[in-house]
Amino acid sequence: MAGERTYPVLPCADLDDALAFYVALGFTVSFQQRRPYPCAVVELDDIAIHLFTIDGFDPATSYGSAIITVAEPGERHDAFKAGLRERFGKVPIKGIPRLLPPRRKAGTATGFSIVDVGGNWLRFYREGSSEDDPTERRSGLGRVIDVAARQGDSRGDDAQAIVVLDAGLIRHPDAPPIEKFEALLYRAELKARTGADTASDLAAASALLTEHELGAEAEQALTVAAETARS
């Protein structure tokens with residue numbers, strides 16, 4: 001029936017911290033209570049999320065998750081990024097909370113993930129996109145990058161994503177320069193999340209950018225990657 005809605009119910013350790021985070025993303029608080037137990041509802045357009053507290057809850061142990069389909073993930077991501085930067089002075093890219101860049105993911109099409117202060121994963125995907133469609137699938141090193149993103153950005157296993165990229169770069173030495181560039185930047189991002197040194201990956205990506213004249217969009221991507229590594 002038309003008008004029916006589903007509310008993900010996600011845990012948090014502190015309701016005020018959770019509400020501040022979601023308000024920074026652009027959500028409004030449509031309901032909240034403190035007794036007999038703290039809980040709230042936050043809404044953004046047609047997205048509604050119910051939050052509740054658990055005494056002694058550790059966000060690092062959360063299994064909370066929600067899949068949200070949107071018309072344009074990139075626009076939603078830009079809005080979230082701007083809100084977080086305005087509220088907190090920076091965009092968190094590692095730890096809890098964090099906002100991950102939009103990226104293709106093998107098996108789950110195009111989108112991005114955000115981990116809230118409760119350690120819950122909100123997975124945003126473009127409505128109607130699916131890698132079940134053969135035309136959505138890449139091959140070679142591009143496919144490797146998509147598989148790595150499934151590990152790093154969907155499952156949160158950054159170390160395994162690095163392993164996948166390392167193997168792919170060895171297996172596809174003749175990949176197009178733009179795909180090597182993309183792989184190096186993603187590996188640098190993953191290393192930044194784990195606290196590893198990113199200098200060699202960024203230097204190699206910079207060399208590819210110059211040698212093959214990859215263009216303004218690639219130059220901007222390198223700038224963002226370097227800023228991410230410093231954050």
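The values are calculated or read from the model by the stated rules, or taken from the named source; none is laboratory data. Everything numeric here is computed off the predicted structure, so don't read it as measured data. Glycine also receives a Cβ, built like all others from the backbone with ideal geometry; neighbour counts cover every protein chain displayed.
On the stretch given as the range 89-135, residues that are of a type in the set (D, E, K, R), modelled with pLDDT of 90 or more and not in a loop (DSSP other than H, G, I, E, B) total 2. Considering only the range 204-231, how many residues are within 19 Å of K191 (Cα to Cα) and under 23 Å from the mean Cα position of the chain (by Cα)? Of the residues in the range 204-231, 12 are within 19 Å of K191 (Cα to Cα) and under 23 Å from the mean Cα position of the chain (by Cα). Please work out which residue is surrounded by the most Cβ atoms within 10 Å (Cβ to Cβ), limiting yourself to the range 171-195 and to residues that are closer than 25 Å to G95 by Cα and of a type in the set (D, E, K, R). Only one residue tops the list, namely R187.
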